[in-house]
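Here is the structure we will look at.
The values are calculated or read from the model by the stated rules, or taken from the named source; none is laboratory data. Keep in mind that this is a model prediction, so the values were computed, not measured. In this analysis, Cβ positions are derived from the backbone assuming ideal geometry, glycine residues included, and neighbour counts consider all displayed protein chains. Just the protein is used for accessible areas: all its heavy atoms, side chains included, with ligands, DNA and RNA removed. Shrake-Rupley method; radii C 1.70, N 1.55, O 1.52, S 1.80 Å.
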Amino acid sequence: MKRYAALFLGLTLTTALFMPTNAQTEADSLKAARMQWFENAKLGIFIHWGIYAVRGVSESWSFYNNYLPYEEYMQQCKGFTAKKYQPEEWVNLIKESGAQYAVLTSKHHDGVALWDTKAGNLSTRKSTAARRDLLTPFAKEMRKAGLHLGLYYSLLDWSHQDYPNHTKTEVRYRIKDDPERWQRFVDFNKKQLTELNEQFRPDLYWFDGDWEQTASDWHAEELVKMLRKSNPNVIINSRIQGYGDYATPEQGIPVRKPADRWWELCQTINDSWGYQPNDRNFKTNYQLLRTFVDCLSMGGNLLLDFGPREDGTIPQEEIDALRHLGKWIKKHKEAVYETRAGIPTNYFQGYTTLNKSGDILYLYLPYRPNGQVEVKGLVNKVNRVWVVGNGTMLPYKIYNKNYWSEVPGNLYIDVPDSVLDPDITVLAVLLEGPAKLYQGSGQVISVN
Ligand code: GLC
């Protein structure tokens, strides 16, 4: 009896130690639920719009790095007119690109708010030639179009008198020397975030600049709780010192599938976030598309940026790039939205994804094949192969499959020139049941 009691206690203790607590599993399933639209959306559009577009200098960093004196940087307020700003056109372009969400800079590191904030004096309404709130009309159009609204917000504010850092070389004070002054800044952030939450109830916050302070100095946990109190399903990116929902690699595409279940690569079309007319280093449509498909194949999203001019117009190169991407996505939508990460590259030399139920394997061909396309190690029976967005069924054959061996054969698919997409062709392979992959390293013939 005693032995059973001890065993029971032992089991209970082990369960308690190794099983997630109820609260933990509840938090995990809540998170999985709120991440759903994001996980299926795949493409988002980033917009960096601010006074830096007047001279076409880098957003905020140009004064921080002392490329331009702060006063001169702020003079751009006078030239920021927004006089041709048509948020409806922005949103039409976003829709056309195939994106399902967009993130607009409500306030960059320079502290100029795009909405009519009551928390400070620096805003497009109070400080620039535009003399108005530019965020509200954008948010309205986004809602009208049924798109998810994301707001970028810089936690750090190099213009604010109570923020410790001003430029790379000028530090106002240190938090530990004047905690009361710091508290004033924390309160200011809280006030602005409360305004954003109440006025726009965004679907996503894209924080930035968290690297300058610790989680406890930002009051990160408290901020997140505060935002979720009235906006419980809001998604929060990683840049809030450990309190976010998903990772945000920047510019360079990850080489290995990121460890985080949810992630989003943010990337520019040329090399700049904001409008910089001297930057002519635009990526080609093909390059952008490859990056997008690369994200898909590793189960992530792409947040592709454009930078409008000070008057609100969007450079033609960026319009063209987004439209091209949208055309490709429209044709291949079944192999875009709601897909999941694909199979490792030793099974297929290229990008792949799987559909939600795992029984359609999508193969993305960024080149014209010189011969048949090959997939190795697929345990499942293949039921059908077709060209996505074109519908043509393709002939295929399995070689090297022996009844006495568990090593699956090689699947070879014929891809005639006539079905090729000018950018990236996508093949769908319908499997019998969710994809199963052979993990071994071959087998010696022992029966014949
Ligand atoms: C960086 C920069 C910022 C830019 C952001 C977008 O963190 O600080 O200028 O807005 O990346 O990802």
- Item | Flag if L289 is within 13 Å of the ligand (Cβ to nearest atom) and either open to solvent by 70 Å² or more (accessible area, probe 1.4 Å) or not in a loop (DSSP other than H, G, I, E, B) (or both) | no
- Task: Sort out which residues of segment 421-435 are out of contact with any Gly (no Cβ under 9 Å at 6 or more places or on another chain) and open to solvent by 30 Å² or more (accessible area, probe 1.4 Å), and write them in order of number.
- Result: P422, D423, L430, E432
- Task: Run down H219, H160 and say which single residue is farther than 25 Å from L68 by Cβ, without any contact (Cβ under 8 Å) to a residue 60 or more places away in the chain and either in the same structural domain as G300 (by TED's automatic domain parsing) or out of contact with any strand residue (DSSP E or B) (no Cβ under 6 Å at 6 or more places or on another chain) (or both).
- Result: H219
- Query: For G274, are the conditions met, namely being open to solvent by less than 10 Å² (accessible area, probe 1.4 Å) and in contact with a Leu (Cβ under 7 Å, 6 or more places away or on another chain)?
  - Reply: no
- Output yes when any residue across segment 270-280 is closer than 20 Å to I253 by Cα and among the basic types (K, R), and no when none is. no
- Answer with yes or no whether E406 is farther than 30 Å from Y337 by Cα and either of a type in the set (D, E) or touching an Asp or Glu at 6+ places or on another chain (Cβ under 6 Å) (or both). yes
- Query: So which pairs qualify, if the first residue must be in segment 248-271 and open to solvent by less than 10 Å² (accessible area, probe 1.4 Å), the second must be small (G, A, S) and within 16 Å of the ligand (Cβ to nearest atom), the Cβ gap must be under 7 Å, and the two must be at least 6 apart or on different chains?
  - Reply: W263/A247; W263/G300; E264/G44; E264/G300; L265/G300
- How many residues are at positive phi and either more than 10 Å from the ligand (Cβ to nearest atom) or among the basic types (K, R) (or both) if we restrict to segment 50-67? 2
- Item | segment 167-201: number of residues that are touching a residue at least 60 places away in the same chain (Cβ under 8 Å) and under 19 Å from S123 (Cβ atoms) | 7
- Query: Under the condition of being in a loop (DSSP other than H, G, I, E, B) and either within 16 Å of the ligand (Cβ to nearest atom) or open to solvent by 60 Å² or more (accessible area, probe 1.4 Å) (or both), which residue from segment 179-230 is nearest to L303 (Cα to Cα)?
  - Reply: G209
- Query: Restricting to segment 321-358, what's the tally of residues that are open to solvent by less than 40 Å² (accessible area, probe 1.4 Å) and over 22 Å from K283 (Cβ atoms)?
  - Reply: 10
- Would you call G326 away from the ligand (no atom under 16 Å from the Cβ), assigned to a helix (DSSP H, G or I) and assigned by TED's automatic domain parsing to the domain that holds Q267? yes
- Filter segment 86-104 for residues that are polar (S, T, N, Q) and open to solvent by less than 10 Å² (accessible area, probe 1.4 Å) and give the result. S97
- Item | segment 131-153, residues that are under 13 Å from A82 (Cα atoms) and open to solvent by 10 Å² or more (accessible area, probe 1.4 Å) | R131, R132, D133, P137
- Item | Hey, W158 more than 22 Å from G44 (Cα to Cα) and among the hydrophobic types (A, V, I, L, M, F, W, C) or not | yes
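Yes or no, residue by residue, for (1) within 11 Å of the ligand (Cβ to nearest atom); (2) touching a Ser or Thr at 6+ places or on another chain (Cβ under 9 Å); (3) outside any loop (DSSP other than H, G, I, E, B); (4) of a type in the set (G, A, S):
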{"site": "P232", "(1), (2), (3), (4)": "no, no, no, no"}
{"site": "I236", "(1), (2), (3), (4)": "no, no, yes, no"}
{"site": "G242", "(1), (2), (3), (4)": "no, no, no, yes"}
{"site": "I253", "(1), (2), (3), (4)": "no, yes, no, no"}
{"site": "E264", "(1), (2), (3), (4)": "yes, yes, yes, no"}
- Query: Restricting to segment 92-150, what's the tally of residues that are part of a loop (DSSP other than H, G, I, E, B), of a type outside the set (A, V, I, L, M, F, W, C) and within 24 Å of H324 (Cβ to Cβ)?
  - Reply: 4
- Message: Going residue by residue through segment 297-306, is there one that turns out to be surrounded by fewer than 19 Cβ atoms within 10 Å (Cβ to Cβ), at pLDDT 95 or above and more than 18 Å from F38 (Cβ to Cβ)?
- Response: no
- Message: With the requirement that a residue be touching a Leu at 6+ places or on another chain (Cβ under 7 Å) and surrounded by fewer than 19 Cβ atoms within 10 Å (Cβ to Cβ), what does segment 395-412 give you?
- Response: Y396, I398
- Query: Just one of Y163, Y153 is among the aromatic types (F, W, Y), within 16 Å of the ligand (Cβ to nearest atom) and in a loop (DSSP other than H, G, I, E, B); which is it?
  - Reply: Y163
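Here is a yes/no grid of residues against (1) among the charged types (D, E, K, R); (2) within 16 Å of the ligand (Cβ to nearest atom):
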| position | (1), (2) |
| --- | --- |
| P69 | no, no |
| M74 | no, no |
| K126 | yes, no |
| D133 | yes, no |
| S159 | no, yes |
